[in-house]
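I have placed the structure first, in the form of structure tokens, so that the comments after it can refer back to it.
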Amino acid sequence: MTGENQKAALMQAALDARSKAYAPYSGFFVGAAVMCGDGSVYTGCNVENASYPCGICAERTAVSKAVSEGKRRFVMIAVAGSSAEKCTPCGICRQFLYEFAPDMTVLCGNDSGEYDELTVSELLPRGFGAASME
Ligand code: THU
């Protein structure tokens, strides 16, 4: 299901989504593409704001688009930054992703499409979720 071609395609979708980024303050353009359990893909970019904390990351944009279309199961997300350094999700995004898919694969990519592959739980060990309140 999640072969190398599929990963490369998802990473390409994340790279493409960067072109929509609204990042006049940081100048750092990020794209994300999340693959849902039904195979559908939703993309997102970072959207900044003059009131800096108001901005939203590419990952949360992509997942929010998917959830707002009724998707709750996620298999894999690709993130691509605009630097040679591979882009890993920020702390808020790790928590946001953990809510829906602790086992989801995260492809952390750079501007050339090279990526490292981790899971959400590897990025957020001992994360807090619904089960933590049982
Ligand atoms: N950013 C993302 O969109 N995703 C990440 O994984 C890291 C950071 C955005 C937030 C902000 O708009 C800019 O990159 C610089 O931090």
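Taken together, the values in this text are just the output of simple stated rules run on the coordinates, not laboratory data. Bear in mind the structure is a predicted one, so any value in this text is a computation, not a measurement. Every residue, glycine among them, receives a Cβ derived from its backbone with ideal geometry; neighbour counts consider all protein chains shown.
Dipole check for the chain: with +1 at the C-beta of Lys and Arg, -1 at the C-beta of Asp and Glu, and the Cα centre as origin, the magnitude is about 320 Debye.
Sorted into 5 angstrom bins from 0, the C-alpha pair distances of the chain split as 2, 12, 22, 25, 20, 12, 5, 2, 0 percent. Note on the chain: with a GNM built from Cα contacts shorter than 10 Å, the maximum mean-square fluctuation among C90, C54, C36 falls on C54. Taking every DSSP helix (H) stretch of at least 4 residues in the chain, weighting each as -39,500 (n - 2.57) and dividing the sum by the residue count yields a mean residue ellipticity at 222 nm of -8000 deg cm²/dmol. The alpha-carbon of K20 sits under 13 angstrom from the alpha-carbons of these aspartates and glutamates, leaving out residues fewer than 8 places away in its chain: E48. The alpha carbon centroids of the range 2-23 and the range 28-55 are separated by 11 Å.
Using a Gaussian network model of the chain in which every pair of alpha carbons under 10 angstrom is joined by a spring, one finds that among A101, A84, A21 the greatest mean-square fluctuation is at A84. Cross-link partners of K86 among aspartates and glutamates, defined as those whose alpha carbon lies under 15 angstrom from its own and excluding same-chain residues fewer than eight positions apart: E59, D111, E114, D116, E117.
State the antiparallel share, in %, of DSSP beta bridges confined to the chain, rounding to the nearest 5. Show your work: numbers first, answer last.
On the way: 17 of 23 bridges.
Restricted to the chain, the bridges split so that about 75 percent are antiparallel.
The modelled label-to-label distance for the pair D16/M133, using points 7 Å beyond Cα in the direction of Cβ, is 3.8 nm.
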